[in-house]
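Input: a single structure, listed below in structure tokens.
Throughout, read-outs are computed from the coordinates displayed, never taken from laboratory work. Owing to the predicted nature of the structure, the values given are computational and were not obtained by experimental measurement. With ideal geometry, Cβ positions are generated from the backbone for all residues, glycine too; neighbour counts draw on all protein chains shown.
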Amino acid sequence: MREIRPIVRKHHYVWSYYLSAWSGENDKDIWHVTTKCNLSQDSIRGLSRENDFNKIHTITDTDAAYIELWPSGDTPSLQKFQKSQLSFFRKASALIDSHIGLEHIEDYAELKNICESIQYGVFEKTHTIIENLARPIIDDLKLGNDQCLVQGKQMTNFCNFLAQQLFRTKKVKEKCLEGLNLLPENSLGEDAFKVLFERNWWFLSYKLALNMGASLSATARTDYHTLIKNTTGIDFITSDCPVINIHDSMQSKVPGKPPEHLDLYFPISPKIGYIISSTNTYNSLSSSVEEKTIKMLNRKIYLNSHQSIYGTSRESIRAAMRDYRW
């Protein structure tokens, strides 16, 4: 008989290995702001996590048709890959309920365990693969080595990771669902659209991130990529939304409208940051950076956070909060 394995239902929407860069020597404790706005030091295992966050459902013909209405990228190769991913998840999701009605068979517990492993694990595993592909790149960047991104494949993996990390957070999910309320009341098919959108958000977020990752990778040679080595006495902080748009236009962004410009900022560790921009605005930061710039970037992380901020110490978070209020 097959071993009945525990089902992992505690899903991170921010990579715990990424957060470990801000933790203590034992890679377990990290300072953070709690949901009650208190400062606490806890294990990274329980942070930016929600039960069943990456749970999938059976993809029906209606779901598939709705998903296919969304953009599938600009290149035939990306379109082909997205089509294959939808096919894969459809086949996997078809097994979710296959144990129902078979409670009488001898191996029912084993069958149900397999079905639940698929329902709660297959999409979680997809993100794990994306993270593992990015891990050696993240490790090199932590050391201040951006030469690892010269290789096209490494840049593709990194851009895809950044896009997925941006779209997979709890804040993006909630904001997109809130955006449904901006639809005109009594518009044709509004209720059906809302149901399909919320039901399929897990795959739509993945699909949209694939498009964004491919776009970032395609423009990597013309974009400006800036590795920031923070030699100041102030550490970078991060949050439960670690990949953010810091373009000045975001200050006057109209709710419900997509941003017109993108300057992507990603704090990699307390001493390393990374910016992707279509202009050379941040080029000088690759050679030197002042405390006021670190404070500015920390303020933007604070502003774009959802439920928590992470830092190396109590004071690093308090300083960011003071600077934000100021």
Report summary line: the chain, Gaussian network, Cα under 10 Å: of ASN298, ASN211, ASN145, the residue fluctuating most is ASN145
Query raised in the report: Given DSSP loops and a limit of at most 15 other Cβ atoms within 10 Å, what is the longest stretch of the chain that contains no such trypsin sites (Lys or Arg not before Pro)?
Result: 37-220
Query raised in the report: For LEU95 and GLU260, what is the calculated FRET efficiency with R₀ set at 56 Å and r taken between the beta-carbons, to the nearest 0.05?
Result: 0.85
**Report entry** Segment GLU103-SER117, extension gain: residue separation times 0.36 nm, minus the distance between their alpha carbons
**Finding:** 3.3 nm
Requested in this report: Could you give the DSSP H helices of the chain that reach 24 angstrom or more along their long axis (alpha carbon positions) and whose average Kyte-Doolittle hydropathy is no lower than -0.5?
Outcome: 108-142, 201-218
Requested in this report: Taking a cut-off of 24 Å between Cα atoms, list the lysines near LYS142, but don't count ones fewer than 8 places away on the same chain.
Outcome: LYS28, LYS153, LYS229, LYS271, LYS292, LYS295, LYS300
Report summary line: Exposure proxy check on THR169, THR62: fewest-to-most Cβ neighbours within 10 Å is THR62, THR169
**Report entry** the chain: calculated mean residue ellipticity at 222 nm from DSSP helix runs of at least 4, using -39500 (n - 2.57)
**Finding:** -14500 deg cm²/dmol
Query - Residues in the stretch 236-251 that a label on ASP42 would reach, taking backbone N under 20 Å of a point 7 Å out along Cα→Cβ - result: 237-242
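Determine the dipole magnitude for the chain: charges of +1 sit on the beta-carbon of Lys and Arg, -1 on that of Asp and Glu, nothing else is charged, the reference point is the Cα centre, and the result goes in debye to the nearest 20.
So the dipole magnitude of the chain works out to roughly 620 debye.
What is the calculated FRET efficiency for THR60 to ASN132, with r their C-beta to C-beta distance and R₀ = 30 Å, to the nearest 0.05?
Numbers: r = 31 Å, r/R0 = 1.04.
After rounding to 0.05, the efficiency reads 0.45.
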